[in-house]
Amino acid sequence: MGNKKLWISFAFIILALFPPLFLSQYWLHVMIISLFYVMMASSWNLIAGFTGQVSFAHAAFSGMGAYTSGMLTVYLGLPPWLGILIGTGVAALLGFGLGYLCIRMGGIYLSLTTLGFSEILRIIITNEDQWTRGTMGLQVPGFFVEYSKTSYYYLFLIVTILLLIVIYKIIHSEMGLTFRAVLNDEVAASSSGINTVRVRVLAFAISSAMSGLAGGFYGHYLMLITPDVPSLGQMFLVLAMAVIGGMGSFAGPIVGSFVLEILSEYIRVYGEYHVLLFGLIALAMARFAPEGVVGILRKKWRREWA
Amino acid sequence: MYLTNGIVIGVINAISAIGVSLIVGIMKVVNFAHGELYIFAGYFSYHLSVSLGVPPLLAMPLSIFLIFLIGIGMERTLIRPTYGDEMYSLIITFVLSIVLQNAALLIFGPYPQKPPNWVTGAMNIFGLYHYGNQRILSFFISIGVLLSIFYLIKRTWFGKSIRAISQDREMAALVGVDHLKVNMLAFGLGAALAGAAGVVLSPIFPVTPSGSSSVSLNAFIVVVLGGMGSLKGCVVGGLILGILENLGAAYISTMYRHIFGFIILILVLVFRPWGLFGQKTQ
């Protein structure tokens, strides 16, 4: 990590400590949700942006994390942190299984199967309502004895920063190098001794585990888990955040998450048009500026920024 | 009875799946907006016949033609720049499916709609049970569509170009196949097939904007089951899925109708990932 980048990151972290001092409860909530989306979009970007595989089960895995942890805490009385740990493990295992089955057949198979998995998970959660409470939502305990948005904000901030550090380390490690080798030239990568399938399955499992973790925290923050968490609508939002912010860059999904989440709060006043609007923007971005907002800014400033 | 239902649905599954398979076969693009095109076709045929008073049998080809045009427009503006970049085509068609789904909600509203039946009544089949005339007619129209698709692919110049491109794009270009034009028409045709399935099935099962994902999913499962790019696979896969889903829904549970499809998908991926009629090497 370059010296300048380190200082910029520090400055952002210091700045991020202050919002609870002046933001209203409502906007603090928006910030917490944004942090959740940062975790989701960044970990999705880890496979899509860095290994070129499109998973449509990212929201589904976060739902696995949320429901696993939620049901363990409700029915077995486990503490939330243990529930989240197990939920993350479940998401990782499922990710590994699906990845192992599909990735050897190519990226198209992964996309198709993860889409199917999302739909099936939604159907199961909606129908098995004696366990999941279906569309009514499952009420789960929170993290803190005394509910406070400020505590949740700092909790989410710490988890998000830790997750981002892990992602940053992965991208800039030898493993990240093989990810990009696989993305840029699969044939060359496999002929220079990289097991492309294994690299991709591993990346997919790691990314799925991360979304399980994010989902677990999300569930214990909302304290009500509904089938919207693993829905394709949620998946679309995460994807749009990464695409609009900039796929394949570290800062892109972070910028995209904050911009889109805050924007959707303003648009919500006029009705549920934000999905349609974000869809059109994402289409235009994918078509004309595949490097996203961050890519555009970077070109403009012509200097290393993130 | 359930078996008959399965066969009728199976044939329509096959039409819808051929639409996906055609596009995957020659362009390596999966059209995630497939189900939305189906839904739009259903709504078009409803509004043409109910709101505008067009006779149902004319509204049908008209809706399919509209969907064909939409498909061509999609290929021309959004898909063409992504050739060779599988990831962006997957992302774009997925986003498109969400956009179209929301647009359908906005334009047509959330209520299920069903175009009027073309025929009424039921007839006795082999003296065993009564079966709705509408379903029987849908079945024969679907068979007709299937036969004309096979004729188009196997016997005409356009079909030869499609098969040439899916086997070897560069060689096809060398011998003078205009692959851009063929791609565009094939994408339009794939869209039109989604539309055909939509107009044939919507008088039986009403369309809603939220029903699109299960349509797409069924088509994808059939394509993987039959083998990507294989037309024969689509027909056999479509029938298998149609029959199993209907028998499963009848004897095990209706709620889990779609889960049988997903189980089939996973089993195929475990035991025969290239599908029933696909090539083993990619």
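The values are calculated or read from the model by the stated rules, or taken from the named source; none is laboratory data. Predicted model, so just to flag it, every value in this text is computed and none were measured. All Cβ positions, glycine included, derive from the backbone under ideal geometry; neighbour counts span all protein chains shown.
A compact table of results
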| item | result |
| --- | --- |
| Residue in the stretch B:125-143 that is in a helix (DSSP H, G or I) and hydroxyl-bearing (S, T, Y) present | yes |
| A:V199 surrounded by fewer than 19 Cβ atoms within 10 Å (Cβ to Cβ) and out of contact with any Gly (no Cβ under 6 Å at 6 or more places or on another chain) | no |
| Hits in the stretch B:85-96 - residues which are within 9 Å of chain A (Cβ to nearest Cβ) and within 13 Å of A:F236 (Cα to Cα) | B:L90, B:I91, B:I92, B:F94, B:V95, B:L96 |
| Extreme residue, nearest to A:I170 (Cα to Cα), among residues of the stretch A:245-263 that are in contact with a Ser or Thr (Cβ under 8 Å, 6 or more places away or on another chain) and within 14 Å of chain B (Cβ to nearest Cβ) | A:P253 |
| Residue that is facing chain B (nearest Cβ under 9 Å), in contact with a Gly (Cβ under 8 Å, 6 or more places away or on another chain) and small (G, A, S), where the choices are A:G83, A:G52 | A:G52 |
| Which numbered condition A:L78 fails, given (1) away from every other protein chain (no Cβ under 12 Å); (2) assigned to a helix (DSSP H, G or I); (3) more than 13 Å from A:M210 (Cα to Cα); (4) of a type outside the set (G, A, S) | (2) |
| Residue match in the stretch B:35-51 (condition: assigned to a helix (DSSP H, G or I), within 24 Å of B:P116 (Cβ to Cβ), of a type outside the set (S, T, N, Q) and at pLDDT below 85) | yes |
| Counted residues, the stretch A:211-244 - those being within 14 Å of another protein chain (Cβ to nearest Cβ) and either of a type in the set (S, T, Y) or within 13 Å of the chain's Cα centre (by Cα) (or both) | 12 |
| Search result, residues across the stretch A:112-142 that are more than 14 Å from chain B (Cβ to nearest Cβ) and surrounded by fewer than 17 Cβ atoms within 10 Å (Cβ to Cβ) | A:W131, A:M136, A:Q139, A:P141 |
| Close pairs from the stretch B:144-166: first assigned to a helix (DSSP H, G or I), partner of a type in the set (S, T, N, Q), Cβ under 9 Å, at least 6 apart | B:I165/B:N183 |
| Residue match in the stretch B:70-80 (condition: touching a Lys or Arg at 6+ places or on another chain (Cβ under 7 Å) and either assigned to a helix (DSSP H, G or I) or modelled with pLDDT of 90 or more (or both)) | yes |
| Some residue of the stretch A:264-279 being under 21 Å from A:I47 (Cβ atoms), in a helix (DSSP H, G or I) and away from chain B (no Cβ under 13 Å) | no |
| Top-ranked residue in the stretch A:91-111 [being more than 9 Å from every other protein chain (Cβ to nearest Cβ) and surrounded by fewer than 20 Cβ atoms within 10 Å (Cβ to Cβ); ranked as farthest from A:L72 (Cα to Cα)] | A:Y100 |
| Single unsatisfied condition, B:S210 versus (1) small (G, A, S); (2) surrounded by fewer than 24 Cβ atoms within 10 Å (Cβ to Cβ); (3) over 20 Å from B:I26 (Cα atoms); (4) in contact with a helix residue (DSSP H, G or I) (Cβ under 7 Å, 6 or more places away or on another chain) | (4) |
| Close pairs (9 angstrom Cβ cut-off, 6 or more residues apart or separate chains): within 13 Å of A:S249 (Cβ to Cβ) in the stretch A:162-174, among the aromatic types (F, W, Y) and part of a helix (DSSP H, G or I) anywhere | A:I171/A:F50; A:I171/A:F179 |
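Here is a yes/no grid of residues against (1) touching a Lys or Arg at 6+ places or on another chain (Cβ under 8 Å); (2) among the β-branched types (V, I, T):
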{"position": "A:F12", "(1), (2)": "no, no"}
{"position": "A:L15", "(1), (2)": "no, no"}
{"position": "A:F18", "(1), (2)": "no, no"}
{"position": "A:L23", "(1), (2)": "no, no"}
{"position": "A:H29", "(1), (2)": "yes, no"}
{"position": "A:L35", "(1), (2)": "no, no"}
{"position": "A:V38", "(1), (2)": "no, yes"}
{"position": "A:S42", "(1), (2)": "no, no"}
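For every residue, the table says whether it meets (1) of a type in the set (K, R); (2) at the interface with chain A (Cβ under 10 Å from one of its Cβ atoms); (3) surrounded by fewer than 17 Cβ atoms within 10 Å (Cβ to Cβ); (4) not in a helix (DSSP H, G or I).
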residue: B:I221; (1), (2), (3), (4): no, yes, no, no
residue: B:L241; (1), (2), (3), (4): no, no, no, no
residue: B:A249; (1), (2), (3), (4): no, no, no, no
residue: B:I266; (1), (2), (3), (4): no, yes, no, no
residue: B:V270; (1), (2), (3), (4): no, yes, yes, no
residue: B:P273; (1), (2), (3), (4): no, yes, no, yes
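Residue by residue, here is whether (1) over 30 Å from A:G176 (Cβ atoms); (2) assigned to a helix (DSSP H, G or I); (3) touching a residue at least 12 places away in the same chain (Cβ under 8 Å); (4) over 22 Å from the mean Cα position of the chain (by Cα) holds:
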| residue | (1), (2), (3), (4) |
| --- | --- |
| A:W7 | no, yes, no, yes |
| A:W44 | no, yes, yes, no |
| A:A48 | no, yes, yes, no |
| A:S62 | no, yes, yes, no |
| A:L82 | yes, yes, no, no |
| A:G95 | no, yes, yes, no |
